[in-house]
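These notes are about the structure you will find just below.
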Amino acid sequence: METFLLVVGTLGMGLGTAYFAYLGTQSTGGSYFYWITALITGFAFVSYLAMASGAGSTILDDGREFYFFRYIDWLITTPLLLLDLALLALANPGRNTGLIAGLIGLDVVMILTGLVAGSSTSTFVTTVFFIISTAALVGVLYLLYTRLFAAARAQSPNVAGIFSTLAILTIVLWSLYPVVFLLGTEGFRAVGQGGEIFLYLILDLLAKVGFGFLLLSNRQAIGEVSGGGQSARPSRVS
Ligand code: RET
């Protein structure tokens, strides 16, 4: 069952990557959005493949199977998701490098402390690192909700609209990861290994493939935010 779910994840991420890369070859503006997004699902494809093949997990001293490859995936892909959001919201990302560095820095702290929480066999260590990781998540989502939302509102209605959809999706989905952690084998064990893999699978597919799909289907907004390459031309309906 577990392997089956991980294979579904591999296929989902693989298809998403192929589709986003294809859209990238067709893009007429803001092609970096397509490549960043294809990279996100591409990394997740490798991660799911590693986990499905048995190489992405290890057995801890307490007998628990720990899928450490998830955290390698998240360490790379969550900053890229934030980068997509920042590039969409900020008219001048070059002038906001402090904000982008702050978001990504907090995000890296969140994943690395989450890795310690997940891999420790001491309840005390897990609790302390879980709290630090959750505090970093709150920081990331706070910056997203305040600074990036404010910046996006100053953009065209099209860009502001798609940003708010993606930001709300991100806030809701990202908040559910610590919930799955608590329910799963690292936490209170309310659900078993299969249930945990299933829940993370749904979240990962929505947060990466669903996110990418919503972002990249809006060619108009992408064209506008990347300097009007797309918006200056009659838009091709696809
Ligand atoms: C952990 C455990 C410790 C507490 C917190 C966590 C947050 C994880 C998040 C992961 C997001 C992953 C995404 C993947 C992409 O598809 C590490 C589970 C706060 C927010 C968006």
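Rule-based calculations on the coordinates, nothing more; no lab input. Because the structure is predicted, anything quoted here is derived from the model rather than measured. Positions of Cβ are generated from backbone atoms using ideal geometry, with glycine treated the same way; all protein chains shown enter the neighbour counts.
Details
- Among VAL46, VAL138, the ranking by other beta carbons within 10 Å of each residue's beta carbon, starting with the fewest, stands as VAL138, VAL46.
- Taking other C-beta atoms within 10 angstrom as a stand-in for reagent exposure, TRP74, TRP35, TRP174 fall in the order TRP35, TRP174, TRP74, fewest first.
- Gaussian network model of the chain, springs between alpha carbon atoms under 10 Å - residue of ILE36, ILE171, ILE59 with greatest fluctuation: ILE59
- In this structure, PHE149 and VAL7 have a Cβ-Cβ separation that, at R0 = 35 Å, corresponds to a calculated FRET efficiency of about 0.40.
- Net length gained if the chain between SER217 and PHE124 were fully extended (0.36 nm per residue, minus Cα distance): 29.0 nm
- Residue exposure sequence - VAL159, VAL128, VAL179, VAL225 - by fewest surrounding Cβ within 10 Å: VAL179, VAL128, VAL159, VAL225
- Here each label is just a point 7 Å from Cα along the line to Cβ, and for ALA101 and TYR32 those points are 1.7 nm apart.
- Just checking the listed ones, PHE20, PHE45, PHE68: in the Gaussian network model of the chain with Cα springs under 10 Å, the one fluctuating most is PHE68.
- Highest-MSF residue in the chain out of GLY94, GLY118, GLY24 [GNM, Cα springs under 10 Å]: GLY94
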